[in-house]
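One structure is given below, encoded as structure tokens.
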Amino acid sequence: MKKVPFLDLARLHQSIRVPLDAAYRRVLDSGWFIMGPELEAFESEFARYCDVKHCVGVGNGLEALHLLLKAYKIGPGDEVIVPSNTFIATWLAVTECGATPVPVEPNIDTHNIDPALISHAITSRTRAIIPVHLYGQPADMDPISALAARHGLIVIEDAAQAQGARYKGRRAGSLGHAAATSFYPGKNLGALGDGGAVLTNDDAIAGKVKQLRNYGSKIKYQHDLIGYNSRLDEMQAAFLRAKLVVLDEWNACRREVATQYSKLLASADINLPLVSEYVEPVWHLYVIRSKHRDRLKAHLEQQGVSTVIHYPVPPHRQGCYQEFKGHTLPIAVQLAEEVLSLPMSPTLNAEAVELVTRTLVSFPAKTVSMH
Ligand SMILES: Cc1ncc(COP(=O)(O)O)c(C=O)c1O
């Protein structure tokens with residue numbers, strides 16, 4: 001048993017065992033499992049939470065991005081600007097539509113796409129920009145939206161890691177033309193299985209995604225679009241309703257952990273995440289950087305502290321994207337070599353945070369690097 005696990009979902013769920021059990025029984029007893037009252041209720045509750053008109057529950061976060069791109073009719077011949085250092089799903093959604101991802105490098109300290117670099121990537125084929133609110137910190141959306149407006153581009157937020165975060169007071173998910181989010185279990189708002197949603201104020205796009213998620217059908221057995229089967233089921237919607245109630249409380253716990261990390265690690269020989277003054281992140285992950293990342297990870301592991309690398313290989317270096325192999329994206333490559341995610345969970349107590357930070361501070365980076 002680890003002294004400090006990276007994330008202990010079983011323990012986290014214990015604190016809401018009663019409402020989760022009630023949600024399960026409600027759905028079981030209803031006998032209704034797909035596209036029913038739990039989904040409808042969750043969609044309206046989460047739309048209200050995110051300050052948008054529509055939430056459309058879908059099968060997962062990748063599908064949320066994919067169906068949105070489809071709804072905007074993005075396809076072969078189109079280009080979509082994406083961060084060079086995101087989780088691969090952001091790119092997969094673009095290539096799944098037959099469009100081309102155009103990577104743009106991040107700011108190395110905030111880890112988010114650098115708005116100043118986006119204009120160089122825009123061509124006559126560019127249709128959309130997908131900023132990712134990586135690790136729970138919103139990307140700098142105002143310059144991105146201004147640029148998009150100047151060039152007539154769609155802005156789709158990838159808000160998979162940022163449920164509850166704010167940018168200049170506004171909720172992540174309400175900042176672009178539309179947003180995609182993921183309810184993968186480890187997310188800040190995670191289901192007990194797969195799940196995702198599209199968020200938007202646009203009636204037509206919400207309607208199109210509703211149709212696409214359900215075999216392209218608005219009326220049963222009438223199919224006007226070639227659609228998919230990608231729905232958030234009743235059981236997951238019911239669990240998500242129970243978890244939405246505690247999301248702000250759990251995000252506050254994550255914030256407290258992050259504050260303690262930043263305070264106790266201020267003098268450590270590592271780079272801490274930079275938070276822009278205009279955002280309220282929700283600390284999906286607390287990601288540090290170190291030139292000695294692999295040895296540091298091993299040192300922490302030895303002391304019983306579990307860490308994870310998000311992400312060890314950038315999309316353009318993945319086997320599935322041979323055509324991007326020649327691209328020069330030094331910041332994405334450097335981040336992949338240096339990033340390390342520390343344990344992060346609403347249940348992490350002061351003692352655990354202290355152990356993590358003490359172990360980090362005691363890491364003999366300099367001595368060993370002289371070998
Ligand atoms: C940034 C980002 N985008 C998209 C996804 C895809 O979500 P899902 O795993 O629900 O398909 C994830 C999460 O896995 C993610 O972290």
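The values are calculated or read from the model by the stated rules, or taken from the named source; none is laboratory data. These numbers come from a predicted model, not from an experiment. Using ideal geometry, Cβ is built from the backbone for each residue, glycine included, and neighbour counts are taken over all protein chains shown. When the accessible area is computed, the model is the full protein with side chains, heavy atoms only, and any ligands, DNA or RNA have been set aside. Shrake-Rupley method; radii C 1.70, N 1.55, O 1.52, S 1.80 Å.
Regarding the stretch 214-371, what whole-number volume in Å³ per residue does the convex hull of its Cα atoms give?
So the per-residue hull volume is 214 Å³.
Quick one: which of 151-158, 302-309, 320-327, 21-28 comes out on top by average Cβ neighbours within 10 Å, and what's the full order, highest first? Don't jump to the answer; show the numbers that get you there.
Values: 151-158: 21.6, 302-309: 17.0, 320-327: 12.2, 21-28: 15.2.
My ranking of the peptides, most packed first, is 151-158, 302-309, 21-28, 320-327.
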Problem set entry | Calculated FRET value between Leu225 and Gln318, using beta carbons and R₀ = 30 Å, to 0.05 | 0.45
Seminar exercise, completed: Toy charge model, Lys and Arg Cβ at +1, Asp and Glu Cβ at -1: the chain dipole around Cα centroid in debye, rounded to 20, equals 240 debye
For this session: Determine, from the Cβ-Cβ distance of Arg255 and Ser124 and an R0 of 35 Å, the FRET efficiency 1/(1 + (r/R0)^6), rounded to the nearest 0.05.
Result: 0.20
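How large is the convex hull of the Cα atoms of the stretch 1-100 per residue, expressed in Å³ as a whole number? Before the final figure, lay out each step's value.
Details: hull volume 18.0 nm³, N = 100.
Once divided by residue count, the hull of the stretch 1-100 is 180 Å³.
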Problem set entry | Tensor-based shape of the chain (alpha-carbon gyration tensor, a/c under 1.5 rounded, otherwise prolate or oblate) | oblate
Exercise. What residues from the stretch 1-43 fall in the zone where the backbone N is under 14 Å from a label point 7 Å along the Cα-to-C-beta line of Glu351?
Worked result: 3-5
Problem set entry | Candidate lysines - alpha carbon under 19 Å from Lys297, same-chain residues fewer than 8 apart omitted | Lys2, Lys3, Lys366
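So for the chain: antiparallel DSSP bridges make up what percent, rounded to the nearest 5? Before the final figure, lay out each step's value.
Numbers: 24 of 39 bridges.
Roughly 60 percent of the DSSP beta bridges within the chain come out antiparallel.
With the other protein chains left in place, how much accessible area per residue, in square angstrom, belongs to the chain at a 1.4 angstrom probe? Mind showing how you got there, number by number?
Numbers: 16000 Å² over 371 residues.
Per residue, the chain has an accessible area of 43 Å².
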Seminar exercise, completed: Compactness summary of the stretch 267-357: radius of gyration and Dmax from Cα atoms, Å, are 15.2, 47
For this session: About the Cα centre of the stretch 229-371, how large is the charge dipole given +1 on each Lys and Arg Cβ and -1 on each Asp and Glu Cβ? Please answer in debye to the nearest 20.
Result: 380 debye
Exercise. What is the antiparallel percent of DSSP beta bridges lying wholly in the stretch 109-265, to the nearest 5?
Worked result: 60 percent
Exercise. At each listed q (0.17, 0.20 Å⁻¹), what is the log10 of I(q)/I(0) that the Debye formula gives for the stretch 133-202 modelled as equal alpha-carbon point scatterers?
Worked result: -0.59, -0.77
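Sorted by average packing, counted as other Cβ atoms within 10 angstrom per residue and highest first, what order do 244-252, 35-43 take? Kindly include the intermediate steps, with their values, before the conclusion.
Numbers: 244-252: 15.4, 35-43: 18.9.
The densest-packed peptide leads the list: 35-43, 244-252.
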For this session: Give me the distance between the Cα centres of the stretch 294-371 and the stretch 100-176, rounded to whole Å.
Result: 24 Å
Seminar exercise, completed: When every protein chain stays in place and a 1.4 Å probe is rolled, Tyr228, Tyr215, Tyr49 sorted by accessible area with the largest first are Tyr215, Tyr228, Tyr49
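Please report the net charge: other residues with Cβ closer than 12 Å to the Cβ of Cys50, K and R +1, D and E -1. Mind dumping the intermediate values first?
Numbers: positive: Arg48, Lys53, Arg166, Arg170, Arg171; negative: Glu43, Glu45, Asp51, Glu157.
Local net charge: +1.
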For this session: Please sort 285-296, 52-63 by packing, taking for each peptide the average over its residues of neighbouring beta carbons within 10 angstrom, highest first.
Result: 52-63, 285-296
Exercise. Looking at the square roots a ≥ b ≥ c of the eigenvalues of the Cα gyration tensor of the stretch 109-250, which shape do they give, rounded for a/c under 1.5, prolate if a/b is larger than b/c, or oblate?
Worked result: oblate
For this session: Summarise the long-distance tail of P(r) for the stretch 86-183 by giving the % of C-alpha pairs beyond 23 Å.
Result: 16 percent
Exercise. Of all the accessible heavy-atom surface of the stretch 319-360, with the other protein chains kept in place and a 1.4 Å probe, what percent is carbon and sulfur?
Worked result: 54 percent
For this session: Could you tell me the number of lysine pairs in the stretch 106-238 with C-alpha atoms less than 23 Å from each other, where the two lysines are 8 or more residues apart or belong to different chains?
Result: 5
